[in-house]
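S.K.: The structure follows.
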Amino acid sequence: MELIEAIYGRRATRAFTAEPVDKSVLEFLVEAAIQAPSAVNEQPWDFTVIRSKPLLDRISSAAKAHVLKANQDNAPPPHLREHLENPDFHIFYHAPALIVISARSGDWAVEDASLAAENLMLAAYARGLGSCWIGFAQRWLETEEGREAIGVPQDFVPVAPIIVGHPSEPMPPVPRNRARLRWLD
């Protein structure tokens, strides 16, 4: 697959089959992720791969409760609140794997983890897999309880929780707004 095809074809996937993703494929995705650039070439990544359904269920429930407890300034909009209040809504969409990309705490942790995340998601698409960054999980994973649940080292911060699995249906293209572009010649 050409890189440009992956860039234009990758979509957030929220519907998966029950088929597990092979460990070797998940390792391949992590290897693709670490090819990303990082600030001062520190390569500060830490990856947690979760395939345990009970743990994924536990994180989903805890993260939903955490988001719902958020103060009014950070409360989710009503249409998202409905999902979070629904006991049948699983924030990971029953994907068979979650890869949490953490980075060493510091000025560039978010940028470093985000660059690795994009590589991982493009590599997943190239392998015929779907992926989606699950923002609902982020804030709970940053808590002490969340960090302990997935074993994130103390000097790292969880940044990018990405689900991976076999899509149950093709994801349609999403219309893109035109780029806001300024030329300063």
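Rule-based calculations on the coordinates, nothing more; no lab input. Source: prediction; values computed, not measured. FYI the Cβ positions are ideal-geometry reconstructions off the backbone, even for glycines, and counts take in every protein chain you see.
S.K.: Just to check your reading of the model, which residue among Val100, Val21, Val49, Val30 is assigned to a loop (DSSP other than H, G, I, E, B), in contact (Cβ under 8 Å) with a residue 40 or more places away in the chain and either under 21 Å from Trp140 (Cα atoms) or touching a Leu at 6+ places or on another chain (Cβ under 8 Å) (or both)?
M.R.: Val21
S.K.: Sticking with this one: Against the definition (closer than 23 Å to Asp57 by Cα, in a helix (DSSP H, G or I) and out of contact with any strand residue (DSSP E or B) (no Cβ under 7 Å at 6 or more places or on another chain)), how does Glu169 come out, yes or no?
M.R.: Answer is no for this residue.
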